[in-house]
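The values are calculated or read from the model by the stated rules, or taken from the named source; none is laboratory data. Keep in mind it's a predicted model, so treat the numbers as computed, not measured. Note: ideal-geometry Cβ built from the backbone for every residue, glycine included; neighbour counts use all protein chains shown.
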């Protein structure tokens, strides 16, 4: 017996699949996989050699860790970064081209190194002059996140007030706030960062089960439509 799927159900599934792949997409190198370094420990790399990312540290160094070093597995991929490299600093990317009125979302994974570490996520609009640090900057979002060193915490904008673009360049920024032990060169692991159009309740990649269900249901729906057309011709 063939399963009959209504057109309304097909449209709902298509909308779900479209939504699940449309969120974010503005950040470059959000998983910190580039540049890839050989070895199984960690390395310091100048931010001039890191696609997308910049640091406010005076020495311009970013600290990359390899998956599994000192027992810390990457949240995704094979690399992640430590926000506190040699100095207390911020990591950021600037994003342009999002129209005014569009809702933006974010996601990231955070973990402490020696204990509970705390960072702040800031999303800042540069104003009509598109220059940061001037009088027309607007903070669109600012929130603290704290995690221990036993597991990654994964966060999105879901549950917060909508973050709405003003149509200017926006800065997505992680600020180091505190690190367990008080050593300014130790703390705040980051991975799986993304930011852009969409809401945090959506995944940047559809779940495999959803894709399989959608594809299978669309196929069954197509069979049902063709069967109905054959019947109508008799």
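Observations, loosely collected:
- Being farther than 29 Å from residue 68 by Cα and under 20 Å from the mean Cα position of the chain (by Cα) is a property that holds for residue 140.
- Remark: residue 164 falls outside the filter, which requires a residue to be within 22 Å of residue 83 (Cα to Cα), assigned by TED's automatic domain parsing to the domain that holds residue 64 and more than 15 Å from the chain's Cα centre (by Cα).
- Taking the stretch 88-126 as the range and being surrounded by 20 or more Cβ atoms within 10 Å (Cβ to Cβ) and farther than 25 Å from residue 164 by Cα as the test, the residues that pass are 89, 111, 112, 113, 117.
- Residues that are without any contact (Cβ under 8 Å) to a residue 24 or more places away in the chain, under 17 Å from residue 84 (Cβ atoms) and not in a loop (DSSP other than H, G, I, E, B), drawn from the stretch 36-54: 43, 45, 46, 47
- Residue within the stretch 61-74 that is within 28 Å of residue 137 (Cα to Cα) and touching a helix residue (DSSP H, G or I) at 6+ places or on another chain (Cβ under 8 Å) present: yes
- Consider the stretch 14-35 and keep the residues that are modelled with pLDDT under 95 and surrounded by 18 or more Cβ atoms within 10 Å (Cβ to Cβ). The one that is farthest from residue 165 (Cα to Cα) is 20.
- Test: residue in the stretch 64-87 that is part of a strand (DSSP E or B), in contact with a strand residue (DSSP E or B) (Cβ under 7 Å, 6 or more places away or on another chain), surrounded by fewer than 17 Cβ atoms within 10 Å (Cβ to Cβ) and assigned by TED's automatic domain parsing to the domain that holds residue 166: no
- Selected residue (only one of 38, 46 is out of contact with any helix residue (DSSP H, G or I) (no Cβ under 9 Å at 6 or more places or on another chain), at pLDDT 55 or above, within 22 Å of residue 184 (Cα to Cα) and surrounded by fewer than 12 Cβ atoms within 10 Å (Cβ to Cβ)): 46
- Scanning the stretch 88-98 for residues that are in a loop (DSSP other than H, G, I, E, B), in contact with a strand residue (DSSP E or B) (Cβ under 6 Å, 6 or more places away or on another chain) and either farther than 24 Å from residue 182 by Cα or free of Cβ contacts under 8 Å to residues at least 60 places away in the same chain (or both) yields no hits at all.
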